[in-house]
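The values are calculated or read from the model by the stated rules, or taken from the named source; none is laboratory data. Everything numeric in this text was worked out from a predicted model, so none of it was measured. Quick reminder, even Gly has a Cβ in these numbers, built from the backbone with ideal geometry, and neighbours come from all protein chains shown.
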């Protein structure tokens, strides 16, 4: 509490109404030493010499502050009588007598008096005092101008406002008002929004904001604290997988586990051999799957979340390794093992072009963000860039990629990402023509790029997943463990609302889901009867996840709740 | 080739095997040609096993490790685990987890590949010696 010398005995708590307080002010202000910062003797409980009363279990909430912000909230809500009653009953005044007086005088437009009172509040910061004085004098100035008392206005400006030496620019504006009074009206109105009443309340707002929070409790302080708490609850909710959620103050927010896909909705059987790769289109309307049977299947995701076969793309002479969707989802690229890259039309299922390089097998592929080019990794470790017609535009030779490597391109087309060494990933900046490396201690088996291109999820041989931040400071920011990987190439991905989750396949035939921020393993989903090689989370529907397995099937996972559509009665919030 | 196909066909559920490619003088799995080690990483060529010669390597790749067990070898008790080719699953040798005698500690973390199970850098294969050790599990020499 303030450093008030307790030379006088504490005043008895006097039950007075706010109106009567004005009469007591003079008495009080004589007794209270000017240097007190919170000159609030009337409120001091008898027992509190030094010890502060607290509320709450942890003893961190000061009772006085707590009551004051409640009082403030009551007044803000319009419950003036209740607010006053609270002040009376608790004996804790919202404002110190000086501040209450100031507010009163401001209300009554008594500028001279309010200036005097301002200095009695005992603000320690001189600048604040000056600025507040400026505001008050400004009002005085405007009032004088209104009365057309130009001389007095000028006098105020010269002898009271200018010596403050703050807000010099504004002073000039005020000076111009004297010369041109009509402009002044415009100025006053423009700076203070509309009618006199409005301008007055805005000025009060400014004044209140200027004074330190302990002297003048900020408006809506209680609401702000509650909103902060809700933010914390929401961040802590690991199952939070939905945009529309209601928060209740009665119970801590905690989404149930049933917000994350965990239930097999469909088993898609179309492949005749292991399914190695699958991915949803950007718009979430299609799913493409690639298999050791040399075939790529395009599935359509219907409104009802039903997934139906649309096309079977044949042509590759080798198992299909990877698929990439064009930026507008109208075309697909598929790559065969050390073979060729094929471009397909999603609507017709036709093969539009075959990309190959004499004597060199292709091992990966990616679309250029503008949809006008193709990037492909070669068996000879180089990376080539072609235009849609197959003309080679650029080629990066040397060890840029390995026999098994994913390929990713950032959405701005600037960076190409590829595994270039057993334990290193290359971040190749096309424009700046320079390269950075992500280096691991273990062998890297695959990776996945986040939607915002700021993070890379790296799969390691030792069954760990590392989340790397690749923007600015390149470093590992999270680890995920639990899934099994001994012999195969297993893929993982980002997904869910705001990509708050990490999903992965596993050799134990389950799908694994972690909470991205905390690294906590949330779910393991059994169902497949073979290793799960790849997972893809629908970018447009955080409740849909697809998995590809050695058991030749694809599973579509959804919420374990019949009413999961969620916009209806069940609600999405509290369990 | 025939044998290779036979092995390949047998693998019902295999997934996309992840294997690394080595550069240099490479020893590979005799059955499926998956790279397993580099000549530069040979520590000793004087090891023996039931099928004949074996080499001690400081590093091997593309193998899966079996269960650990205590084995009594000519040089004493060791904790070892068999190692298998990641692609075709055939056994290629064993790896030393722990050596219980001080002078054998240098083997820890290293692996032995049986010459009979791997193809050499020049593609050469090794045929089981007729003078194989009588009776006994894989032994070795220092």
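Among the numbered conditions (1) outside any loop (DSSP other than H, G, I, E, B); (2) modelled with pLDDT under 85; (3) closer than 27 Å to residue A:100 by Cα, tell me where residue A:225 comes up short.
(2)
Determine whether residue A:312 is surrounded by 14 or more Cβ atoms within 10 Å (Cβ to Cβ), away from chain B (no Cβ under 14 Å), more than 36 Å from the chain's Cα centre (by Cα) and touching a residue at least 12 places away in the same chain (Cβ under 8 Å).
Working: surrounded by 14 or more Cβ atoms within 10 Å (Cβ to Cβ): no; away from chain B (no Cβ under 14 Å): yes; more than 36 Å from the chain's Cα centre (by Cα): yes; touching a residue at least 12 places away in the same chain (Cβ under 8 Å): yes.
Criteria not met by residue A:312.
Among the strands (runs of 3 or more DSSP E) confined wholly to region A:507-560, which include 1 or more residues that are more than 24 Å from residue A:488 (Cα to Cα) and more than 22 Å from the chain's Cα centre (by Cα)?
Details: elements: A:511-515, A:521-525, A:532-537, A:545-549, A:553-558.
In region A:507-560, the matching strands (runs of 3 or more DSSP E) lie at A:553-558.
Given the conditions (1) under 39 Å from the mean Cα position of the chain (by Cα); (2) loosely packed, with under 15 Cβ neighbours inside 10 Å, and given that residue A:296 satisfies all but one, which numbered condition is not satisfied?
Unmet for residue A:296, out of (1) under 39 Å from the mean Cα position of the chain (by Cα); (2) loosely packed, with under 15 Cβ neighbours inside 10 Å: (2).
Could you check how many residues of region A:315-347 are in a loop (DSSP other than H, G, I, E, B), in contact (Cβ under 8 Å) with a residue 24 or more places away in the chain and either surrounded by fewer than 19 Cβ atoms within 10 Å (Cβ to Cβ) or away from chain B (no Cβ under 14 Å) (or both)? Full working, then the answer.
The first filter runs over region A:315-347 and keeps only residues in a loop (DSSP other than H, G, I, E, B), leaving A:315-319, A:326-330, A:337-338, A:340, A:346-347.
Add one more test, that the residue is in contact (Cβ under 8 Å) with a residue 24 or more places away in the chain, and what stays is A:315-316, A:318-319, A:326-329, A:337-338, A:340, A:346.
Still in the list and also either surrounded by fewer than 19 Cβ atoms within 10 Å (Cβ to Cβ) or away from chain B (no Cβ under 14 Å) (or both): A:315-316, A:318, A:326-329, A:338, A:340, A:346.
Matching residues across region A:315-347 total 10.
Can you name the condition, by its number, that residue A:212 falls short on among (1) surrounded by fewer than 14 Cβ atoms within 10 Å (Cβ to Cβ); (2) in a helix (DSSP H, G or I)?
(2)
Given the structure, is residue A:130 touching a helix residue (DSSP H, G or I) at 6+ places or on another chain (Cβ under 7 Å), surrounded by fewer than 18 Cβ atoms within 10 Å (Cβ to Cβ) and at pLDDT 85 or above? Talk me through it step by step, then tell me what you get.
On the way: touching a helix residue (DSSP H, G or I) at 6+ places or on another chain (Cβ under 7 Å): yes; surrounded by fewer than 18 Cβ atoms within 10 Å (Cβ to Cβ): yes; at pLDDT 85 or above: yes.
Considered against the rule, which asks whether it is touching a helix residue (DSSP H, G or I) at 6+ places or on another chain (Cβ under 7 Å), surrounded by fewer than 18 Cβ atoms within 10 Å (Cβ to Cβ) and at pLDDT 85 or above, residue A:130 comes out as yes.
Are there strands (runs of 3 or more DSSP E) fully within region A:428-489 with at least 1 residues that are within 14 Å of chain B (Cβ to nearest Cβ)? List them. Don't jump to the end; show me each part of the working.
Numbers: elements: A:434-439, A:444-449, A:455-460, A:464-469, A:475-481.
Of the strands (runs of 3 or more DSSP E) lying wholly inside region A:428-489, those with at least 1 residues that are within 14 Å of chain B (Cβ to nearest Cβ) span A:444-449, A:455-460.
Which one of A:278, A:306 is within 14 Å of chain B (Cβ to nearest Cβ), in contact (Cβ under 8 Å) with a residue 12 or more places away in the chain and under 22 Å from residue A:543 (Cβ atoms)?
Numbers: A:306 fails: within 14 Å of chain B (Cβ to nearest Cβ).
A:278 is the lone residue from the list that is within 14 Å of chain B (Cβ to nearest Cβ), in contact (Cβ under 8 Å) with a residue 12 or more places away in the chain and under 22 Å from residue A:543 (Cβ atoms).
Scanning region A:91-106 for residues that are in a helix (DSSP H, G or I) and within 41 Å of the chain's Cα centre (by Cα), which turns out farthest from residue A:157 (Cα to Cα)?
Looking at residues that are in a helix (DSSP H, G or I) and within 41 Å of the chain's Cα centre (by Cα), I get A:100.
Scan region B:68-85 and tell me whether some residue there is touching a helix residue (DSSP H, G or I) at 6+ places or on another chain (Cβ under 8 Å) and modelled with pLDDT of 90 or more. Steps first, answer last, please.
Narrowing region B:68-85 to residues touching a helix residue (DSSP H, G or I) at 6+ places or on another chain (Cβ under 8 Å): B:75-76, B:78.
Filter once more, keeping what is modelled with pLDDT of 90 or more: B:78.
Yes, there is a match, as at least one residue in region B:68-85 is touching a helix residue (DSSP H, G or I) at 6+ places or on another chain (Cβ under 8 Å) and modelled with pLDDT of 90 or more.
Residues of region A:388-399 being part of a loop (DSSP other than H, G, I, E, B), under 28 Å from residue B:20 (Cβ atoms) and away from every other protein chain (no Cβ under 12 Å), which ones? Walk me through how you get there before you give the answer.
Filtering region A:388-399 down to residues part of a loop (DSSP other than H, G, I, E, B) leaves A:388-391, A:397-399.
Right, trim to under 28 Å from residue B:20 (Cβ atoms) and you get A:397-399.
Correct list: A:397, A:398.
When you look at residue B:20, is it surrounded by 16 or more Cβ atoms within 10 Å (Cβ to Cβ), at pLDDT below 95, within 14 Å of chain A (Cβ to nearest Cβ) and touching a strand residue (DSSP E or B) at 6+ places or on another chain (Cβ under 9 Å), yes or no?
Numbers: surrounded by 16 or more Cβ atoms within 10 Å (Cβ to Cβ): yes; at pLDDT below 95: yes; within 14 Å of chain A (Cβ to nearest Cβ): yes; touching a strand residue (DSSP E or B) at 6+ places or on another chain (Cβ under 9 Å): yes.
When the stated conditions are applied, residue B:20 passes them.
Limited to region A:400-413, what total is found for residues that are part of a loop (DSSP other than H, G, I, E, B), in contact with a strand residue (DSSP E or B) (Cβ under 8 Å, 6 or more places away or on another chain), more than 14 Å from every other protein chain (Cβ to nearest Cβ) and farther than 16 Å from residue A:455 by Cβ?
Filtering region A:400-413 down to residues part of a loop (DSSP other than H, G, I, E, B) leaves A:400-406, A:410-413.
Filter once more, so that each one left must be in contact with a strand residue (DSSP E or B) (Cβ under 8 Å, 6 or more places away or on another chain): A:400-406, A:410.
Pick out the ones that are also more than 14 Å from every other protein chain (Cβ to nearest Cβ) and you get A:400, A:410.
So of that shortlist, the ones also farther than 16 Å from residue A:455 by Cβ come out as A:400.
Result for region A:400-413: 1.
Of these, A:138, A:109, which one is part of a loop (DSSP other than H, G, I, E, B), touching a helix residue (DSSP H, G or I) at 6+ places or on another chain (Cβ under 8 Å) and more than 28 Å from residue A:65 (Cα to Cα)?
A:109
Is there a residue in region A:82-89 that is in contact (Cβ under 8 Å) with a residue 24 or more places away in the chain and under 23 Å from residue A:202 (Cβ atoms)?
no
Could you list, in sequence order, the residues of region A:414-427 that are away from every other protein chain (no Cβ under 14 Å) and closer than 19 Å to residue A:336 by Cα? Steps first, answer last, please.
Of the residues in region A:414-427, the ones away from every other protein chain (no Cβ under 14 Å) are A:414-418, A:425-427.
Across region A:414-427, the qualifying residue is only A:418.
So, in region A:511-558, exactly how many residues are surrounded by fewer than 21 Cβ atoms within 10 Å (Cβ to Cβ), more than 27 Å from residue A:328 (Cβ to Cβ) and more than 14 Å from every other protein chain (Cβ to nearest Cβ)?
10
Is it true that some residue in region A:278-293 is exposed (fewer than 13 other Cβ atoms within 10 Å of the Cβ), within 30 Å of residue A:488 (Cβ to Cβ) and touching a strand residue (DSSP E or B) at 6+ places or on another chain (Cβ under 6 Å)?
Initial filter on region A:278-293 (exposed (fewer than 13 other Cβ atoms within 10 Å of the Cβ)): none.
Looking for residues that are exposed (fewer than 13 other Cβ atoms within 10 Å of the Cβ), within 30 Å of residue A:488 (Cβ to Cβ) and touching a strand residue (DSSP E or B) at 6+ places or on another chain (Cβ under 6 Å), one finds none in region A:278-293, hence no.
Assuming residue A:265 fulfils every condition listed in (1) buried (at least 20 other Cβ atoms within 10 Å of the Cβ); (2) touching a strand residue (DSSP E or B) at 6+ places or on another chain (Cβ under 8 Å) apart from one, which condition is it?
The single condition residue A:265 does not satisfy is (1).
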